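Quick notes on the structure that follows.
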Amino acid sequence: MSYPRLLRRTLLYMGVTAFALWVLIPIFFIGISSFTPRNEIYAWPKPIIPSHFSLDTMEFFLGSYGVLNSLLNSVWVALLTLSFTLAVGAPAGYAVARFFFRGREAFRLGILITRMFPTALLAVPLAVTFIRWGLYDTLVGVALIHTAMALPFAVIITTGIFMGVPKDLEEAAMTLGCSRFGAFARVALPLALPGLAAAAMFTFVISWNEVFAATILTVNNRTLPAHILTTIQASPLYFRFAGGFFMILPALFFMFLIRRYLFHMWGGATAER
Amino acid sequence: MAAEIRLENVRKAFGKVVAVRDMDLVVEPGEFLVLLGPSGCGKTTTLRCIAGLERVDRGRVYIGGRDVTALPPSRRGIAMVFQSYAVFPHMTVAQNIAFGLRMRHTPKDEIKRAVKEVAELLQIDELLDRYPSQLSGGQRQRVAVARALVMRPEVLLMDEPLSNLDALLRLQMRAELKKLHREVGTTTVYVTHDQIEALSLGDRIAVMRDGEIVQLDTPHEVYDKPAIVFVGGFIGTPPMNFLRAEVRKADGRVYLAVGDFSVEVHEEWEGKLGEMVGTPVVLGIRAENIEVRPTPEEGTLPAQVIVAEPLGSQQLLTVQVGKDVLKVATSPELSVAPGQTIGLVLTKAKIRLFDEKTGEALKFD
């Protein structure tokens, strides 16, 4: 290996390592701390590896007032968001992938631009509108906002998925006796299913992690992040660790499962693994 | 079983590009018709219009006397083999072949029997439980053909079905498709840009250019008597040779002047050509219709050898006559060296003359 190449490699790996540590170290400490016996969390100097594994902290967290309820709320909101998003996003993705229509490219770009608009600016008008429509402090209301946030990503991911299913296959099905919809249902859909599952998980995670809109639009029916955010200032340290860990968990798990589709979404050709 | 296909004044444009230009075409029942042309000539679009995968802008499409212009592909009584084969990757070979019959709600035991029968015909009965990812390109192609044939379609449409196979396999499948057509007898429309495939498979060939059929004839006629310069230049390996010539008359005999030399013409042509004295024409002749003399004698066309290529069964010479370059097929035994001047004799009966401006063949009957 030539010298400049070696140098470039070394710098690259150093950068990657630093970046990985920057992300991983907090996750590591949050994870470790939430399985450390409560009294040890305050110990100084703090041992990197706890003296023994304990579910104490997690139990306390899950047993705290409002946690279980908001956890259920979060799951409901995430599932509602997922259904809304796929119901609208998958057909939109299919249309962008299959049909030429005027303004298709503008649509693809425009859909991302909606994400550039800061939610904070919308907070008050949204709250007012939701109160008027009777959606304020309801799970459906939160799910609608989450759908609006997840939809651009869902459309982009599903576009990629349906582009990966050759048009020929659907046409072949049509020559063999299927209607247009039949060809979609019998050929395109089964082939797109793994990708759609990935899009669904991604949507779930977006909704699960979203805190701002959920905090503004609810009072009693808090989702888990909203609940943690509003109670965290008044909570002991171990509660925060356990809450943090609980929030990270699904994201880590799903991201690991769908990472190949995320590459796809960012337009990388390296997803074939 | 086999149906007639009739296109009447069919037009299809994509934006400003006209892919099929007011086409009239009749494919006889049981005929094997090849649509041949360079890429972008509209041959695949024509096929897709017959299949119903494209909606025509105007004109009518009839299959078996029935107006199918407004019908979806599923109700036209057609089956199609795609260039990519379009075999469903999430189904086994057996499920792929059975797909169309299942859509028709054919009874299960009948499907099973039909699948087995067609699989045997195409020699893929050993592969029925496999998935397409476990098959070679050639095997996938057979599955695609089987899936189409099992439907017992009135019309079989094939879009460059052999173009993704390697050369040897293509040769083998070509012969098999021909045999298959003889056995099944379905009206077949076959799209290709490979002129050898067209010559070997077609009962008739429709040569297309810019969305129009420029010649519709038997392979023999298309090869021997191209209707325009384009067809002669497109069909045949090597393509037809073209020489600039002029009609002249001396001592009561009509002849063609190529540079300073004269070429005799068919006696029957003299009458009409006699009225065209002084007109520049294009003389077309195939490589195998030129005889070679080792030295330029009286009455031969002198030519300089540029390259000599031994090709096994024949030897291909590239020679220069005036400003024109010709390909000449000779026996491999003839020994010539580059730079050598030889004499050419053009076989009178095989000469074809074209209008210099329009490129259309001159007619003498």
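The values are calculated or read from the model by the stated rules, or taken from the named source; none is laboratory data. Only a predicted model underlies this, so the values are computations on that prediction, with no experimental measurement involved. FYI the Cβ positions are ideal-geometry reconstructions off the backbone, even for glycines, and counts take in every protein chain you see.
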Worksheet entry | All positions within region B:80-120 that are of a type in the set (S, T, Y) and at the interface with chain A (Cβ under 9 Å from one of its Cβ atoms) | B:S84, B:Y85
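One line per residue, one yes/no per condition, for (1) outside any helix (DSSP H, G or I); (2) in contact with a Leu (Cβ under 8 Å, 6 or more places away or on another chain); (3) under 26 Å from A:L196 (Cβ atoms); (4) within 14 Å of another protein chain (Cβ to nearest Cβ):
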| residue | (1), (2), (3), (4) |
| --- | --- |
| A:L122 | no, no, no, no |
| A:P125 | no, no, no, no |
| A:R132 | no, no, no, no |
| A:T159 | no, no, yes, no |
| A:M174 | no, yes, yes, yes |
Worksheet item: Does B:M208 qualify as being in contact with a Lys or Arg (Cβ under 9 Å, 6 or more places away or on another chain) and of a type in the set (A, V, I, L, M)?
Response: yes
Discussion item. Would you confirm whether or not region A:196-216 contains a residue that is among the polar types (S, T, N, Q), within 14 Å of chain B (Cβ to nearest Cβ) and farther than 14 Å from A:A150 by Cα?
Written reply: no
Discussion item. What are the pairs with Cβ atoms under 9 angstrom where one residue, in region A:1-29, is farther than 30 Å from A:M247 by Cα and the other, located anywhere, is surrounded by 10 or more Cβ atoms within 10 Å (Cβ to Cβ)? Sequence gap at least six, or different chains.
Written reply: A:M1/A:R9
Worksheet item: Restricting the search to region B:348-359, which residues are surrounded by 13 or more Cβ atoms within 10 Å (Cβ to Cβ) and either part of a helix (DSSP H, G or I) or touching a strand residue (DSSP E or B) at 6+ places or on another chain (Cβ under 6 Å) (or both)?
Response: B:K348, B:K350, B:I351, B:R352, B:L353, B:F354, B:E356, B:G359
Practice prompt. Can you give me the number of residues within region B:61-72 that are more than 24 Å from the chain's Cα centre (by Cα) and more than 14 Å from every other protein chain (Cβ to nearest Cβ)?
Written response: 6
Discussion item. Any residue at all in region B:6-16 that's at the interface with chain A (Cβ under 10 Å from one of its Cβ atoms), more than 17 Å from B:I213 (Cβ to Cβ), surrounded by fewer than 17 Cβ atoms within 10 Å (Cβ to Cβ) and of a type in the set (G, A, S)?
Written reply: yes
Item to complete: Confirm whether B:V277 is on the phi < 0 side of the Ramachandran plot, hydrophobic (A, V, I, L, M, F, W, C), surrounded by fewer than 16 Cβ atoms within 10 Å (Cβ to Cβ) and over 32 Å from the mean Cα position of the chain (by Cα).
Response: yes
Discussion item. Can you go through B:R58, B:R75 and tell me which one is basic (K, R) and within 13 Å of another protein chain (Cβ to nearest Cβ)?
Written reply: B:R75
Practice prompt. Test A:L68 against the stated conditions and say whether it is assigned to a helix (DSSP H, G or I), under 25 Å from A:A154 (Cβ atoms) and not acidic (D, E).
Written response: no
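One line per residue, one yes/no per condition, for (1) hydrophobic (A, V, I, L, M, F, W, C); (2) at pLDDT 85 or above:
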position	(1), (2)
A:A172	yes, yes
A:V205	yes, yes
A:L217	yes, yes
A:R259	no, no
A:F263	yes, no
Discussion item. As an exercise: evaluate A:L252 against (1) part of a helix (DSSP H, G or I); (2) more than 12 Å from every other protein chain (Cβ to nearest Cβ); (3) in contact (Cβ under 8 Å) with a residue 60 or more places away in the chain; (4) surrounded by 16 or more Cβ atoms within 10 Å (Cβ to Cβ) and give the number of the one condition it does not meet.
Written reply: (4)
Worksheet entry | The listed residue being surrounded by fewer than 20 Cβ atoms within 10 Å (Cβ to Cβ) and either within 25 Å of B:T45 (Cα to Cα) or within 28 Å of the chain's Cα centre (by Cα) (or both), out of B:R113, B:R142, B:R104, B:R152 | B:R152
Worksheet item: Which members of region A:1-26 meet the condition of being surrounded by fewer than 10 Cβ atoms within 10 Å (Cβ to Cβ) and over 20 Å from A:I48 (Cβ atoms)?
Response: A:M1, A:S2, A:Y3, A:P4, A:R5
Item to complete: Return the residue satisfying two criteria in turn: it lies in region A:163-172 and is assigned to a helix (DSSP H, G or I) and more than 7 Å from chain B (Cβ to nearest Cβ), and of such residues it is farthest from B:A148 (Cα to Cα).
Response: A:M163
Worksheet item: Is it true that A:T138 is away from chain B (no Cβ under 14 Å) and surrounded by 21 or more Cβ atoms within 10 Å (Cβ to Cβ)?
Response: no
Discussion item. Would you confirm whether or not region A:187-196 contains a residue that is modelled with pLDDT of 85 or more, closer than 23 Å to A:F60 by Cα and outside any loop (DSSP other than H, G, I, E, B)?
Written reply: no
Practice prompt. Output the residues belonging to region A:92-109 that are surrounded by fewer than 14 Cβ atoms within 10 Å (Cβ to Cβ) and part of a helix (DSSP H, G or I).
Written response: A:R104, A:E105, A:A106, A:L109
Item to complete: Sort out for me the strands (runs of 3 or more DSSP E) sitting completely within region B:1-50 that have 3 or more residues that are over 17 Å from B:D217 (Cβ atoms) and out of contact with any Asp or Glu (no Cβ under 6 Å at 6 or more places or on another chain).
Response: B:5-14, B:17-27
Fill in: Which listed residue, of A:T147, A:T114, is touching a residue at least 12 places away in the same chain (Cβ under 8 Å), more than 14 Å from chain B (Cβ to nearest Cβ) and exposed (fewer than 12 other Cβ atoms within 10 Å of the Cβ)
A:T114
Worksheet item: Which ones in region A:182-198 are surrounded by fewer than 19 Cβ atoms within 10 Å (Cβ to Cβ), of a type in the set (G, A, S) and closer than 15 Å to B:F88 by Cα?
Response: A:G182, A:A185
Item to complete: Identify, from the list B:Q215, B:Q304, B:Q315, the residue that is in contact with a helix residue (DSSP H, G or I) (Cβ under 9 Å, 6 or more places away or on another chain) and among the polar types (S, T, N, Q).
Response: B:Q215
Worksheet item: Can you tell which of A:T218, A:T175, A:T223, A:T159 is surrounded by 20 or more Cβ atoms within 10 Å (Cβ to Cβ), touching a strand residue (DSSP E or B) at 6+ places or on another chain (Cβ under 7 Å) and either among the hydroxyl-bearing types (S, T, Y) or without any contact (Cβ under 8 Å) to a residue 24 or more places away in the chain (or both)?
Response: A:T175
